[in-house]
Amino acid sequence: GDYTCTFTYSAQGGTNEQWQMNIGISEDNLLFSCSVWRPQGKSYLFFTQFKAEVKGAKIEYAMAYSQAAGGGQSDVPLKQEEFEITETTVSHREGKFRFELSKLMIVAKTPRDEL
């Protein structure tokens, strides 16, 4: 549709890591979601930076995790100071981000069409 989600990053290490990206829209077309994660749980990549950007919608909620749920472990969120959220982006915070990322979730609100 009219919505896009872009994930850009810079990382070192890691071998043959499988990652997934999902994009969805609610039935009423009001919410747009975008997730990027490693289904196996923790990633061993050393992320120097990351940025997720949505177009066509405004971020309502976002969360980044150093470890994704898997193998009996739950999601482990990054500390609030490690990343920042704007209306359209979620990105690492220089000097605060601890180089670990395994999952990123965004829920954005789409512009409502007025009748």
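Numbers below:
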{"read-out": "Residue under evaluation Phe46, criteria (1) open to solvent by less than 40 Å² (accessible area, probe 1.4 Å); (2) under 18 Å from Tyr9 (Cβ atoms), criterion not met", "value": "(1)"}
{"read-out": "Candidate set: the stretch 16-43, residues that are among the polar types (S, T, N, Q), over 21 Å from Gln73 (Cα atoms) and touching a residue at least 60 places away in the same chain (Cβ under 8 Å); chosen: the one most open to solvent (accessible area, probe 1.4 Å)", "value": "Asn29"}
{"read-out": "Any chance Phe97 is open to solvent by less than 20 Å² (accessible area, probe 1.4 Å), on the phi < 0 side of the Ramachandran plot, in a loop (DSSP other than H, G, I, E, B) and touching a residue at least 12 places away in the same chain (Cβ under 8 Å)", "value": "yes"}
{"read-out": "Residues of the stretch 27-63 satisfying the condition of being among the polar types (S, T, N, Q), within 15 Å of Lys109 (Cβ to Cβ) and part of a loop (DSSP other than H, G, I, E, B)", "value": "Asn29"}
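The values are calculated or read from the model by the stated rules, or taken from the named source; none is laboratory data. Predicted model, so just to flag it, every value in this text is computed and none were measured. All Cβ positions, glycine included, derive from the backbone under ideal geometry; neighbour counts span all protein chains shown. Ligands, DNA and RNA are stripped out before the accessible areas are found, and what is left, the full protein with its side chains, is counted by its heavy atoms. Shrake-Rupley method; radii C 1.70, N 1.55, O 1.52, S 1.80 Å.
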